[in-house]
Amino acid sequence: MKKQKVEAKRENVLMLEDLTYSYENESGEQEILKGVSAKFEAGKMYAIVGRSGSGKTTLLSLIAALDELQGGDIRYNEKSLRKIGATEFRLKYVNVVFQQYNLIKYMTARENVEIAIDFDGRKADANKYLKMVGLSEEEGGRLIGKLSGGQQQRVAIARALASNSSIIVADEPTGNLDEDTEKTVIDLFRECAHEENKIVIIVMHSKRVAEHADVVLRLKRGELNVA
Amino acid sequence: MMANLVLAAIVVKSAVAAQMDYAKSTLGGTVTIQANMDSVREEQRAKIEAGEDKREMFGKMVRPQISVSTANEIASDASYVRDYSYELSVSANSNELETVESNSRMPGGMGGAGGFNPFGGSSSSEETALDGDVTISGINAYAYISGVQNESIEIKSGEYFDEDSENGVIISLDFAELNDLEVGGTITLKNVYTEEAVELKVLGIYDSSEQMANANIIYANTETAAKFLSGDDYNDGDYNVSNVNFYMVNSETAEEFVTKINEKYPELAENKLKVAVDTSEYDAMAGSIESVGSFATMILWIVMIAAVIIVTLIVTINVKDRNYEMGVLLSLGATKKNIIWQIALELVIVGSFGFVLASLTGSFFAKALGNSILESQMQSARVQEEKSFGRPGAQVGGRNGGMPNMPNMPEMPDGASMKQKMFAQKEETVELDINAGVTDYLLLFVAGYLVIILALILPSVNILRYQPKQILAGKE
């Protein structure tokens, strides 16, 4: 009992330990990440900024366990991703929100959210998460194609919330949105971090958006530093 | 459509199997006692080598036959024998009756009681048999007259004889019309050996649908026919009979019965008689049925292979179309096993719906396809036989007419050739009961699910290679 309480109090922490990543192309071996290390704490929104081709998406793919680790490790609450396994890590700990939303087009907004709930094996009302991102039940019943870009991004965030993951990573989530919607979406991510006590990591170009993050990290020449 | 074809092939195959079982139990269950021609020829060769005159020896040749008492004794074993039949064919003369000399349905010269008999008629006497005006075909039960069996003979008026019908006969319509005979009337025929007159009562008048039928054949039971044998051949009522058939209670015991007869009656072999299981009817029918079965098997394999290929392509295309969805699911934590399982489940649901639909419509479709297969196979069987024998229905042998050069051709008392019989039997017996049963439907489902499993292999290998990052980055 005592041990359980201690664990409950412990902060959820994601650690990147000396991550390296490279690939080969016509120009030879390209070193994308050169020993990236960082610590991400629950309840904070992090922004990772950097130029195109700096390796932001690669780093996000590694954090989201969508790509295989080459060098270094990722630990969540001291558990190694290598031990947890990519599939289980994706299922239990991390959820990704993509720039292109990555929603299943022939399903309704609600059904897209329900997938995440089903995978988690919980019984929850998808409408609750849709409501959290400002979508009505009526909008939840619409097919994805019938929703605007901003609404689709909200569905993607609702899905991330519904998955009950402790880590939400987002790749340019506001890239396709107008300024007003951009602000709404960023506010949603902030709420996710601050009110849902999640680790929110957003990869982005826009310095303006990055200003809303609690911590801004810059990825430059394969190295990650606090901006 | 695929499921319909599979069901059709399965149904035809089961119908063939059922028909083969039925044929085995009916057509394969006959034991015959007939002349052992190999022994006869061997004896002839030995005699020729010993210097005997060929022509004289041919005149003295005796056709091995079995006595009616022995045939009856063998037939009395009710544990094996369900029924039996034997024949006795004799000639008789008539002073008062006219014979159908040139049968309206027969080429000239083929009427009358004469014709080919390498053994000197049916008599076992060593004397040369005498040809009479008419043939009396004695058979212990009218049902075993071959014309009755193949339904080429039909009673136009009166009734058939039975084993108690003393001196009762049935005559042909042509013969009756020629002599103004009616049912209930009498005819008097003379024994060609003893000149003794026997008065026979006309019990019925038959008509034959066979083109080559001999109108001068009078059918009677063997007791009546035996009255026209010579004194020696009559042998105080223990005369010889031919075409002895024992119809088995259970066809499986036919071989056992043959062994038992050979053990109990060694004199049969000594008299150059051969006891054997008659499979000719079964073989004649089985050929066509088996070819239908083989064709159905071939169709089943082709359809199954085609189905696997087509379903594999459909699933592969479907998976490719949905790989973005698969990527999303993988990014949400779904395992590749989950994805394959989902595809399999979808296939099973769609497949089951198709199988149920095929089950509802398949029986009708299977019937149409089965009959079409059967018809094409029968047609090719006919063409094959025409090539082998000549024109269908051509008479190639027989005791009452035909070419006197085929001593091995089985005797047909009504003058029909063996080939005609074979065709008649094929037409009659090759009737497949093409109806889908529970087993057929079960097999359809098993075959269908097997196709689904096989069709899933290739797409599953593709899914196992999936990397969510590649898919979601649009690189796959």
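Please treat every number below as a calculation from the coordinates, not as lab data. Bear in mind the structure is a predicted one, so any value in this text is a computation, not a measurement. In this analysis, Cβ positions are derived from the backbone assuming ideal geometry, glycine residues included, and neighbour counts consider all displayed protein chains.
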Problem - Across A:LYS44/A:LYS92; B:LYS320/B:LYS367; B:LYS13/B:LYS274; A:LYS44/A:LYS131, pairs whose alpha-carbon gap is larger than 30 Å - result: B:LYS320/B:LYS367; B:LYS13/B:LYS274
Problem - Relative contact order [Cα under 8 Å, 6+ residues apart], region A:46-127, whole percent - result: 18
Practice task
Order by neighbour count: A:THR87, A:THR108, fewest other Cβ atoms within 10 Å first, most last.
Solution key: A:THR87, A:THR108
Problem - J(HN,Hα) series, region A:156-169, from Karplus relation 6.51 cos²θ - 1.76 cosθ + 1.60, nearest Hz, glycine and proline x - result: 4, 5, 4, 5, 5, 5, 5, 6, 6, 6, 7, 10, 10, 10
Practice task
Just check region B:192-294 against the gyration tensor rule for me: Cα atoms, a ≥ b ≥ c as the square roots of the eigenvalues, rounded for a/c under 1.5, and otherwise prolate or oblate depending on whether a/b exceeds b/c.
Solution key: oblate
Fill in the blank from the handout: With x for Gly and Pro, the residue-by-residue ³J(HN,Hα) of region B:142-158, computed from phi through the Karplus equation 6.51 cos²θ - 1.76 cosθ + 1.60 at θ = phi - 60° and given in whole Hz, is 4, 4, 9, 4, 4, x, 6, 5, 9, 6, 8, 10, 9, 6, 8, 8, x
Exercise for the section: Apply the Karplus parameterisation 6.51 cos²θ - 1.76 cosθ + 1.60, with θ equal to phi minus 60°, to every residue of region B:294-306 and state each ³J(HN,Hα) to the nearest whole Hz, in sequence, with x for glycine and proline. Expected result: 5, 4, 5, 4, 4, 4, 4, 5, 4, 5, 5, 5, 4
Problem - With Cα atoms, 0 to 90° folded angle of helix A:179-195 axis to chain A main axis - result: 80
Handout entry: Distant-in-sequence amide H partners of A:VAL13 (H built 1.01 Å from N, under 5 Å)
Key = A:ASN77
Handout entry: Value of relative contact order over chain A, rounded to a whole percent, pairs C-alpha under 8 Å and six or more apart
Key = 30
Problem - Computed helical MRE - 222 nm, chain A, DSSP H runs ≥ 4 contributing -39500 (n - 2.57), nearest 500 - result: -10500 deg cm²/dmol
Exercise for the section: Using amide H atoms built 1.01 Å from N in the peptide plane, name the residues 5+ places from B:VAL192, or on other chains, whose amide H lies under 5 Å from its own. Expected result: B:ASN93
Handout entry: Efficiency of FRET from Cβ geometry, B:GLU159 and B:ASP232, R₀ 45 Å, rounded to 0.05
Key = 0.85
Exercise for the section: Treat each spin label as a single point 7 Å out from the Cα along the C-beta direction, and report the A:HIS194 to A:SER37 distance in nm. Expected result: 3.2
Practice task
In nm, give the distance between the simple-model label positions of B:SER372 and B:ASP53, each being 7 Å from the Cα along the Cα-to-Cβ direction.
Solution key: 6.8
Handout entry: Förster radius 51 Å - calculated FRET efficiency between B:ILE349 and B:ASP83 (Cβ-Cβ, nearest 0.05)
Key = 0.35
Exercise for the section: Would you please give the residues with an amide H less than 5 Å from that of B:SER172, counting only those at least 5 places away or on a separate chain, with H modeled from the backbone geometry? Expected result: B:TYR206
Practice task
May I ask you to derive the FRET efficiency for A:LYS105 and A:GLU17 from their Cβ-Cβ distance with R0 = 45 Å, giving the value to the nearest 0.05?
Solution key: 0.75
